[in-house]
Every structure is written in structure tokens, then in C-alpha cells.
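The values are calculated or read from the model by the stated rules, or taken from the named source; none is laboratory data. Predicted model only: the values in this text are computed from it and were never measured. Because the Cβ atoms are built from the backbone with ideal geometry, glycine has one as well, and the counts that use them run over all protein chains shown.
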Amino acid sequence: MSKYAIAIHGGAGTILRSTMTPEKEAEYKQALADAINAGEVILMANGSALDAVEAAIVSLENNPLFNAGKGSVFTNMGKNEMDASLMDGKDLRAGAVAGVQNIKNPIKLSRAVMDQSEHVMLAGLGAMEFAEKAGAEFADDEYFFVPMRFEQLQKAKESDSIVLDHTEDDFENGEKKFGTVGCVALDVHGNIAAGTSTGGMTNKKYGRVGDSPVIGSGTYANNNTCAISCTGHGEYFIRAVVAYDISCLMEYKGLSLKEACDIVVQDKLVKLGGEGGLIALDAQGNIELPFNSEGMYRASKKSGEETYIGIYEA
Ligand code: ASP
């Protein structure tokens, strides 16, 4: 049987066993398992890595537990502004959207940008105009109204802070995390792909855009090296060009996926002050799930093996 592999994340940060309830933990694990399954059925049917990435991310976007799609955090204006991107490692085609509102699944819109436009990245009102033309599904403000997220905005406004999902002075159950979602996959044809989707930062202003829709920073895929999806403090991930840096270390220095991930996540990012993590795989089916924060919601599955689900440090 040809090999396939898939990995997903639901955000990194201060996720402590001591502050998690068994019910919440079970909910997260179920959500991660559902998303892995959504991608795996496509891979098992000889589908493409790109389709599997999109399907797994749609599953996570539709779940209010994560800061993407339905569960997106609120901006200072009380809106949900989402960023997403995906990339095909087979031919380096990519699509991305930034600062879009009322789009049910920003990852699908990124796919439409890639497949139906001659561009890579569309932003704001223009992206929404394109969404209408491309027949994307819109959802009203009510769909995106998750009470926990709205409370986060009120707290962030009180302290006039711009907050990355949950932060230490603004979190549920003592939890600091970046709830962005992402997926990387290898299909039976030997192609790899990556995608990322996020609501960004609570109380963000001025059209702030993080690393998630930036090809090379939050997302990257190249069959010759690796597929990467990041989560963490986006400003640092942009400055460190994280996803492409890992690919470059493999391409130009001949490092393994693990060596390249270790250098970027545990050394370069740490020195810069960038908290977070990423999911990575290569065309041989190796998977790495490194993070420099306390935890990262993550799951992975290789053909013929059991599903791995992790939240805290191993
Ligand atoms: N990286 C995302 C951003 O900076 C946040 C996250 O990972 O949750 O927008």
C-alpha cells in the first residue's frame, strides 16, 4: 500500500494539564480526531494532499473551540476578521486571504483564490467581492458570535491590550494559547500540501494581519523539502520567515526535517522571543510537531498506524 500521512494543529500556547477539565480535554480530542478523519478519508481514497488539507481545516473552522472560522476572535470593532492560506507542494501553487469578514470557511476561499484567480493573496473588501463572484459561502455575524470570544474582547478592551487569542491575563481556566488551525498532508501520489486558518488576535486594529496567510511564514509546501503550518505570535513568525526557513535548511544544508524544525523552533524563534509551534511533514512521511510553548493541540496519523493526539508537552 502506498503511504499517506496527515497532521493537524489547533493552536499552541500555555495549555496546562492542571487547568484543563476532563470534559474540555475530551472535547478538544474529539475535535482533533474528527478533523484528522475528515482529511484521512480523502487520502485513503487516493485523493490529493491539497484536498485533505482543505477538508481537515474546514472541520476545525466549523468548530467554535478553535480561533478560526466560526470560533474566530473579535477585532476592536467587534467583528471577526480572518486570515487563511494553503499551498500545493507539487507545483508551488498557493492561495491566501487576509482580513475577510463573514466568510464561513476562509480556507475554501483561499483555495478559490488559487484555483480561480491569477493571484496568490487577496485582502479585505476586494477579497470579499471575489468571494461573491466565486460563490463562496457567507455567514452572518450571529454565526460567528461565540460568547466566550466576546467576553475576551471586553477584557482586552478594558486593559487596552491586543491579545493573541487567550493570554495570561485574559484566559479561560488559566490558559494562554494561540488557537489558529492548520494541516499538512502527504498523499499516496507522493505530493504534500499545507494550509493554515485563523481569526488572528483579539482586539486587533488597523487591519493587522499575522503570519497565517503569509506564504513562507505561516504556511509553505514543496515536495522537495517539506509542508509546514505554524501557530504562535505571528509577528515573530513573519520576521523569522519560519516555514520557508525550515524548507531552506533542508534544501540548501541537507538537514533532515527534524533537524531543521529543531533549529527554527527551539533556537532561532526562542532567541527572537517568538512563542508557538508548527506541524511539519516531508514526502517520505516523516512528521514533526515541535513547539516552544507549554502545549499545542495536535494530532497526526500515518497509513497503517494509530492516530496520535497530543495537547501538552510529551
Ligand atoms: N499566528 C496567528 C497570528 O499571529 C495566531 C495564532 O497562531 O493563533 O495571527
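Couple of notes before you dig in:
- In the range 163-181, the residue that is modelled with the lowest pLDDT out of those that are part of a loop (DSSP other than H, G, I, E, B) and either small (Gly, Ala, Ser) or buried (at least 24 other Cβ atoms within 10 Å of the Cβ) (or both) is Leu164.
- Of everything listed in (1) out of contact with any strand residue (DSSP E or B) (no Cβ under 9 Å at 6 or more places or on another chain); (2) within 22 Å of Tyr297 (Cα to Cα), the single unmet condition for Gly47 is (2).
- Exactly one residue out of Val184, Val209, Val188 is within 13 Å of the ligand (Cβ to nearest atom), modelled with pLDDT of 95 or more and β-branched (Val, Ile, Thr): that is Val209.
- Residue count for the range 35-49 satisfying the condition of being of a type in the set (A, V, I, L, M, F, W, C) and surrounded by fewer than 19 Cβ atoms within 10 Å (Cβ to Cβ): 3.
- Whichever residue in the range 191-206 is more than 10 Å from the ligand (Cβ to nearest atom) and part of a loop (DSSP other than H, G, I, E, B) and, among such residues, is surrounded by the most Cβ atoms within 10 Å (Cβ to Cβ): Asn203
- You will find that of Lys24, Lys3, Lys79, the residue that is in a loop (DSSP other than H, G, I, E, B), surrounded by fewer than 22 Cβ atoms within 10 Å (Cβ to Cβ) and either among the hydroxyl-bearing types (Ser, Thr, Tyr) or in contact with a Leu (Cβ under 9 Å, 6 or more places away or on another chain) (or both) is Lys3 and no other.
- Residue-level check: of (1) touching a residue at least 40 places away in the same chain (Cβ under 8 Å); (2) part of a helix (DSSP H, G or I), Gln266 misses just (1).
- The range 289-311, residues that are surrounded by 17 or more Cβ atoms within 10 Å (Cβ to Cβ) and over 24 Å from Val270 (Cβ atoms): Ala299, Lys301, Lys302, Ile309
- Exclusive hit being among the hydroxyl-bearing types (Ser, Thr, Tyr), under 29 Å from Gln30 (Cα atoms), within 16 Å of the chain's Cα centre (by Cα) and assigned to a loop (DSSP other than H, G, I, E, B), set Ser293, Ser229: Ser293
- Test: residue in the range 228-237 that is away from the ligand (no atom under 11 Å from the Cβ) and either small (Gly, Ala, Ser) or over 16 Å from Lys268 (Cβ atoms) (or both): no
- Boolean, Ala55 is closer than 20 Å to Asn222 by Cα, free of Cβ contacts under 8 Å to residues at least 40 places away in the same chain, in a helix (DSSP H, G or I) and under 16 Å from the mean Cα position of the chain (by Cα): yes
- Residue within the range 148-162 that is closer than 28 Å to Asp51 by Cβ and either assigned to a loop (DSSP other than H, G, I, E, B) or hydroxyl-bearing (Ser, Thr, Tyr) (or both) present: no
- Candidate set from the range 212-221 (those that are over 17 Å from Asn80 (Cβ atoms) and buried (at least 24 other Cβ atoms within 10 Å of the Cβ)); member that is farthest from the ligand (Cβ to nearest atom): Ala221
- Residue in the range 85-104 that is surrounded by 22 or more Cβ atoms within 10 Å (Cβ to Cβ), more than 14 Å from the chain's Cα centre (by Cα) and assigned to a loop (DSSP other than H, G, I, E, B) present: yes
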